[in-house]
1. Return yes or no: is R92 in contact with an Asp or Glu (Cβ under 8 Å, 6 or more places away or on another chain), closer than 24 Å to F206 by Cα, open to solvent by 40 Å² or more (accessible area, probe 1.4 Å) and in contact (Cβ under 8 Å) with a residue 40 or more places away in the chain?
2. Look at the range 100-112 and say how many of its residues are crowded, with 17+ Cβ neighbours inside 10 Å and closer than 18 Å to L173 by Cβ.
3. What's the total number of residues in the range 20-36 that are more than 21 Å from the chain's Cα centre (by Cα), touching a residue at least 12 places away in the same chain (Cβ under 8 Å) and not in a loop (DSSP other than H, G, I, E, B)?
4. Of the conditions (1) under 20 Å from I258 (Cα atoms); (2) open to solvent by 10 Å² or more (accessible area, probe 1.4 Å); (3) out of contact with any Ser or Thr (no Cβ under 6 Å at 6 or more places or on another chain), T197 clears all except one; give me its number.
5. Considering A69, A61, A124, which residue is at pLDDT 90 or above, of a type in the set (G, A, S) and in a loop (DSSP other than H, G, I, E, B)?
6. Which residues, taken from the range 171-180, are open to solvent by 10 Å² or more (accessible area, probe 1.4 Å) and under 22 Å from A61 (Cβ atoms)?
7. Considering only residues of the range 36-58 that are farther than 26 Å from A293 by Cβ and touching a helix residue (DSSP H, G or I) at 6+ places or on another chain (Cβ under 9 Å), which is modelled with the highest pLDDT?
8. Restricting attention to the range 302-318, which residues are surrounded by fewer than 17 Cβ atoms within 10 Å (Cβ to Cβ), more than 18 Å from F206 (Cα to Cα) and touching a residue at least 60 places away in the same chain (Cβ under 8 Å)?
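The values are calculated or read from the model by the stated rules, or taken from the named source; none is laboratory data. Only a predicted model underlies this, so the values are computations on that prediction, with no experimental measurement involved. Cβ: placed from backbone, ideal geometry, glycine included. Neighbour counts: every protein chain shown. With ligands, DNA and RNA removed, areas are computed over all heavy atoms of the protein, side chains included. Shrake-Rupley method; radii C 1.70, N 1.55, O 1.52, S 1.80 Å.
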Amino acid sequence: MLDAIRYSIEPDMRAVDAVIRRQLHSDVALISTVSEYIISSGGKRLRPALVVISAGAFGYAGAHHHELAAVVEFIHTATLLHDDVVDESSLRRGKATANALFGNAASVLVGDFLYSRAFQMMVAVGDQRVMEVLADATNTIAEGEVLQLLNVHDADIDEARYIQVIHYKTAKLFEAATRIGAILGGASSADESALATYGMRLGTAFQLIDDVLDYSGDHAETGKNIGDDLAEGKPTLPLIYAMRNGNEQQAVLIRSAIEQGGLSELGPVLQTISATGALDYVREQARLEAEAACAAIAHLPHSNHKESLLQLADFAVTRTY
């Protein structure tokens with residue numbers, strides 16, 4: 001499914017990749033090396049694709065969507081570089097993380113370079129509304145990172161507080177990508193809001209499935225180890241649901257696992273997640289989010305771009321990687 005969507009926008013995405021390569025250049029060799037490594041490490045390019053597809057849904061025929069799609073990818077990549085340092089991660093997408101290869105200092109500083117380069121590119125496009133959307137999104141993402149940090153090892157986080165982290169940390173950039181596309185395409189205020197709602201719901205569904213895959217995915221497909229979130233003491237929705245719906249012994253187990261972190265209790269935790277139906281619950285929440293995403297754009301006239309958006313919502317909840 002994802003391959004079919006990529007094929008439909010292949011010329012645009014080639015143009016986006018050309019912008020990315022050009023804008024990664026720096027006279028400081030280490031910046032180019034680290035940036036190239038993380039950008040080339042096999043990401044899905046979903047966020048830049050959303051800019052392209054959303055702009056196309058409103059008949060946009062210019063070239064700014066290529067620049068802004070690259071901006072969105074740079075912002076996303078900067079968050080990954082910083083995330084991996086904060087989480088002390090050594091593996092992403094099946095490859096060594098940049099911080100594992102080049103060190104924490106280089107990863108943080110190159111992440112800063114990507115943020116600042118993204119803002120240079122925004123200014124060059126010169127659309128005040130677009131700059132406002134991306135500046136607000138970047139700030140919200142940073143708030144989400146801090147919220148997640150505060151939640152680590154906190155077993156009292158409830159579902160509402162966890163969903164807030166998803167909205168801030170992950171879904172906000174999806175929302176910005178689809179909103180920017182609508183703005184470029186000259187969409188009405190109502191249609192711009194509809195695309196923003198689509199992006200927020202899609203991003204939420206996407207992250208919820210990431211949470212499912214952390215406890216059920218195939219390492220060869222996901223590029224991650226089972227239980228990475230547990231190892232870091234992150235109370236994601238599968239754990240929150242299992243703790244709230246398990247028996248007393250199961251609740252104590254999950255609480256301890258969150259508070260202590262590590263993988264010493266991974267087996268019993270996985271058994272509890274299975275016994276309480278936690279993954280089925282989270283998948284259902286993701287499906288509801290994807291349905292809401294599709295409903296938000298149901299009124300748009302039929303087009304290949306609209307069909308791609310609908311297919312992306314389906315992919316978000318059925319994917320295995």
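1. Spelling it out, R92 is indeed in contact with an Asp or Glu (Cβ under 8 Å, 6 or more places away or on another chain), closer than 24 Å to F206 by Cα, open to solvent by 40 Å² or more (accessible area, probe 1.4 Å) and in contact (Cβ under 8 Å) with a residue 40 or more places away in the chain.
2. 1
3. Counting residues in the range 20-36 that are more than 21 Å from the chain's Cα centre (by Cα), touching a residue at least 12 places away in the same chain (Cβ under 8 Å) and not in a loop (DSSP other than H, G, I, E, B) gives 4.
4. (1)
5. The unique qualifying residue is A61.
6. Once the filter is applied, which keeps residues that are open to solvent by 10 Å² or more (accessible area, probe 1.4 Å) and under 22 Å from A61 (Cβ atoms), the range 171-180 yields only R179.
7. The qualifying residue modelled with the highest pLDDT is Y37.
8. Scanning the range 302-318 gives S303, N304.
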